[in-house]
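Where a number appears in this text, it was derived from the coordinates with a stated rule and is not lab data. The model shown is predicted, which means the values in this text are computed figures rather than measured ones. Every residue, glycine among them, receives a Cβ derived from its backbone with ideal geometry; neighbour counts consider all protein chains shown.
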Amino acid sequence: MQSVKINIPLGAKLIIEKLNKAGYKAYAVGGCVRDSLLMKKPEDWDITTSASPEKVVELFSPNVILTGLKHGTVTVRHDGKSYEVTTFRSDGKYNDSRHPEKVEFVSCLEEDLKRRDFTVNAMAYSEESGLIDLYGGLADLKNGVLRAVGEPMERFEEDALRILRGVRFVSSTGFSIEENTLNAMKKRKDLLKNVSVERIFVELEKTLLGEFVDKALLDAPEIIFTIIPEMEKCYGFLQHSKWHLHDVYTHTVIAVKSVRADRALRWCMLLHDIAKPDKFFLDDKGEGHFYGHPEQSFEMAKVILKRLKTPTKLSEEVLILIKNHDVYLPTESKKIKRNLRKFGEEIFLKLLEVKFADNQGQGTQLALAENKKLTQIKEIIENVVKSGECYNLKTLAVNGEDLISLGYKGKEIGKVLDDLLDDVINGNLPNEKQRLLKSLKKRKIGL
Ligand code: ATP
Ligand code: MG
């Protein structure tokens, strides 16, 4: 037992106490123990117990949900929150690098901790017993090390998802993967083909959203390329450009890390330059160019995102950003309003974030100087939106109803409104209802 104190929330504490009173062992286990020791707020509290699933159901009915009974998991509800209570188990033999042939319930905690993936995830805690750490998880946690429990090669052969979970934990904790563990992850990376694409998507996205995503992508590029083979060509690909300090992959990693941890932004930065190696062209002065790479990256990203079963709305947003990541953005207010109209406020602002991150990834003074321009554009957008200036049909002083009452019909209405919006944005007409109606009347009678 180690003298470590963890604050277990009331719900989990009461569940553990009730199990103990009924004569069973029970502990908080896994991610919640790891995160508490890292001073992070755990997402959820899992409990492991010697009680059989049936016993857990009996003790906590009717506040139970029977979703994972087959794996020994009963969800117990307390005060509006869910706690997963799982019977001590060992996972037996695995048949397809993913699913255990049979789950066996066991009577001791030791066996249960042994089936867990990394030492930092294989610790249990209760107020009564303190920290139970059979695999050196606490020392690894203090040293920032991710180490497989037991023989790494076997553990990744049993369940290949652990390979990606490892990459994901590097991204969320900044830990380094212990050498044997990392070698085994890389050696067994091809087994990822046995993992469902839905699980891969979840883990890769969590990796992208982590604080230490740069470390994760740089420590295990081979594993990323197993999922996205199209990306391998970017690794070490020199750009021969005065704008760029780094090869395409390093640039990509810095760009991902530099952008805000938003799903669409991070996916966009990961894939924005994926076509660069295919579009590379060296001019006779020795300067590299990548004409047409945004469109080609867009096409490749479309295929990749579809393959990963990315939700449609997210995929659409990522693709718009990739396609436009290299467009020239003017700083004149009129042109900014045109872009606001074209992209909408949310996407336009995200596009600026993409460009900031892209410049960061380029790493040259030349690129960073562009950031001033971007800041200027951002300020103008904010002013336009705040002051209610017109930049879209919603902010135009007339609407479809007004046109109908003047006798406009069908498709003509949309076309005329668009023209009017052009005139207002370009400063040819003020955004005042009476003036716009007058101009519409004139137009109707062909003046
Ligand atoms: P998160 O912060 O995402 O919840 P977590 O480590 O808690 O991370 P969970 O999926 O909630 O991950 O799993 C809870 C615990 O179950 C883990 O900490 C680990 O002990 C164990 N575990 C989960 N998945 C695996 C796996 N594929 N192989 C071995 N053990 C696993
Ligand atoms: Mg968890």
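Checking the a/c ratio against 1.5 first, then a/b against b/c, what shape does the Cα gyration tensor give for the range 1-109? Since a/c reaches 1.5 but b/c is at least a/b, the shape of the range 1-109 is classed as oblate.
Here the Karplus curve 6.51 cos²θ - 1.76 cosθ + 1.60, taken at θ = phi - 60°, turns the phi angles of the range 402-410 into couplings of 4, 5, 4, 5, 8, x, 6, 9, x Hz, with x standing for Gly and Pro. Apply the a/c threshold of 1.5 to the C-alpha gyration tensor of the range 92-229 and tell me whether it is rounded, prolate or oblate. Judged from the Cα gyration tensor, the range 92-229 comes out oblate (a/c at least 1.5, b/c at or above a/b). Please compute the net charge surrounding Phe105, taking Lys and Arg as +1 and Asp and Glu as -1 over other residues with Cβ under 10 Å from its Cβ. Here the charged neighbours net out to -2.
Quick one: which of Lys102/Lys187; Lys386/Lys442; Lys13/Lys193 span more than 30 angstrom between C-alpha atoms? Beyond 30 Å between Cα atoms: Lys386/Lys442; Lys13/Lys193. Largest mean-square fluctuation among Gly400, Gly236, Gly30, in a Gaussian network model of the chain whose springs join Cα atoms under 10 Å apart, belongs to Gly400.
Considering only Ala255, Ala369, Ala26, the mean-square fluctuation computed in a Gaussian network model of the chain, springs between alpha carbons under 10 angstrom, is largest for Ala369.
Residues with beta-carbon under 11 Å from that of Val202, excluding Val202: net charge, scoring Lys, Arg +1 and Asp, Glu -1? Charge balance near Val202 sits at +2.
Checked against a 32 Å cut-off, the cross-linked pairs Lys334/Lys411; Lys18/Lys189; Lys242/Lys350; Lys334/Lys355; Lys40/Lys114 give Cα-Cα distances beyond that limit for Lys18/Lys189. Based on C-alpha pairs under 8 angstrom that are at least 6 apart in sequence, the chain has a relative contact order of 9 percent.
Around the amide H of Leu131, modelled in the peptide plane, lie the amide H atoms of Gln2, Val4, all under 5 Å away and 5 or more residues distant in sequence or on another chain.
Considering only Leu351, Leu366, Leu191, the mean-square fluctuation computed in a Gaussian network model of the chain, springs between alpha carbons under 10 angstrom, is largest for Leu366.
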